[in-house]
Amino acid sequence: MQDFLDGLVLTLSAETARGKVADYIPQLAHVDPKQFGIAVCTPDGQLYSAGHANTPFSIQSISKVFTLTIALGKMGDGIWKHVGREPSGDPFNSIVQLEHESGKPRNPFINAGAIAVVDAIMMGHEPKETLAEILNFVRFIAQDNSICFDHKVAASEMEHRDRNASLAHFMKAFGRLRHDVDKVLGTYFHQCAIAMNCEQLARAGLFLVSDGIDKATNTRVVSAQRARRINSLMMMCGHYDGSGEFAYRVGLPGKSGVGGGILAIAPGKGSIAVWSPGLDALGNSYLGTRALEQLVQKTGWSVFGH
Ligand code: GLU
């Protein structure tokens, strides 16, 4: 595995086509597109990594996997009153389906869906209490208390919130949000602005590899059924309107973020985090997807076999 990852970093660092760094969040536009990191964590917690695997980046929408997990823990199937579980086939920040579907977002991994999930887990709490809960959960599953919010990224998103604010106000108009829109958005932007490196992120995904158990510490994080369901949502909805393409090319449950990270889960085999800031036209890491494609070709880890 280590040799394979080292080779992958060598090949991909020579690539000139790297996609485009997200610039609608000005703070993310400064990130150097030449970076590439990858980490693989096997069920026993063994880490293999290469490239910029220790450089923190903004996990952005990958955080939606963690907030969904928290929401399921707090309210179980009750969360499905707030959000659906069908692929949207639309971009991450699309508003069109909301009008047709009475303000109920298609799934928890598009922006509208994640905003509905964070509103649901707030349950009358102040944003800082909810944020502490989210950060504690992420630190626990990553087994790393050094993980923090990048407040500059959160502030940059808040300043340029018009699109997400439109989604939130639209849902609120349908009676779908219970809290003040700016409080919900502030919480959502901080959750997206968690900074992690590939090694921490791969470690954080471990509970989804072994039926809900973190085998490195022998801790059950969620039930086997819940882990299976989260993985299936990641497979169907984790890459927005590029989810079909990602399933076709990689064949693993995965969640991308506009920071250029992807968390992919190979059930029973390993948790993989890859990061390269340049995005394809649908907002998913260009080289990150290529790296995962090569990894499944090499290992046969796709859930659909070789
Ligand atoms: N914070 C980003 C937004 O709301 C998340 C989008 C993403 O990572 O795809 O626009």
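Observations, loosely collected:
- Long-range neighbours under 8 Å by Cβ, at least six apart or interchain, first residue hydrophobic (A, V, I, L, M, F, W, C) within the stretch 90-101, second away from the ligand (no atom under 16 Å from the Cβ): L98/K104; L98/F174
- Matching residues, the stretch 127-138, being out of contact with any Ser or Thr (no Cβ under 7 Å at 6 or more places or on another chain) and touching a residue at least 12 places away in the same chain (Cβ under 8 Å): E133, L135, F137, V138
- Taken over the stretch 2-25, the residue count meeting the criterion of being assigned to a loop (DSSP other than H, G, I, E, B) and either surrounded by fewer than 16 Cβ atoms within 10 Å (Cβ to Cβ) or more than 16 Å from the ligand (Cβ to nearest atom) (or both) is 7.
- When D23, D3, D77, D44 are checked against the criterion of being modelled with pLDDT under 95 and of a type outside the set (A, V, I, L, M, F, W, C), D23 stands alone in meeting it.
- Residue under evaluation A281, criteria (1) within 18 Å of G305 (Cα to Cα); (2) within 15 Å of the ligand (Cβ to nearest atom); (3) without any contact (Cβ under 8 Å) to a residue 24 or more places away in the chain, criterion not met: (1)
- Breaking point among (1) under 19 Å from the mean Cα position of the chain (by Cα); (2) at positive phi; (3) not acidic (D, E), for G175: (1)
- Hits in the stretch 86-106 (condition: farther than 20 Å from L282 by Cβ and either in a helix (DSSP H, G or I) or basic (K, R) (or both)): E99, H100, K104
- Restricting attention to the stretch 73-85, the residues that are within 21 Å of G175 (Cα to Cα) and in contact (Cβ under 8 Å) with a residue 60 or more places away in the chain add up to 2.
- Filter result (more than 16 Å from the ligand (Cβ to nearest atom) and surrounded by fewer than 24 Cβ atoms within 10 Å (Cβ to Cβ)) within the stretch 52-68: H52, N54, T55
- Helices (runs of 4 or more DSSP H) contained in the stretch 211-306 and holding at least 3 residues at pLDDT 95 or above and among the β-branched types (V, I, T): 286-299
- Elements of type helices (runs of 4 or more DSSP H) contained in the stretch 107-205, each with 2 or more residues being within 15 Å of the ligand (Cβ to nearest atom) and among the aromatic types (F, W, Y): 181-192
- Condition met for V83 (more than 13 Å from the ligand (Cβ to nearest atom), at pLDDT 95 or above, touching a Gly at 6+ places or on another chain (Cβ under 6 Å) and under 27 Å from V118 (Cα atoms)): yes
The values are calculated or read from the model by the stated rules, or taken from the named source; none is laboratory data. Treat the numbers as computed from the prediction; the structure is a model and nothing was measured. Every residue, glycine among them, receives a Cβ derived from its backbone with ideal geometry; neighbour counts consider all protein chains shown.
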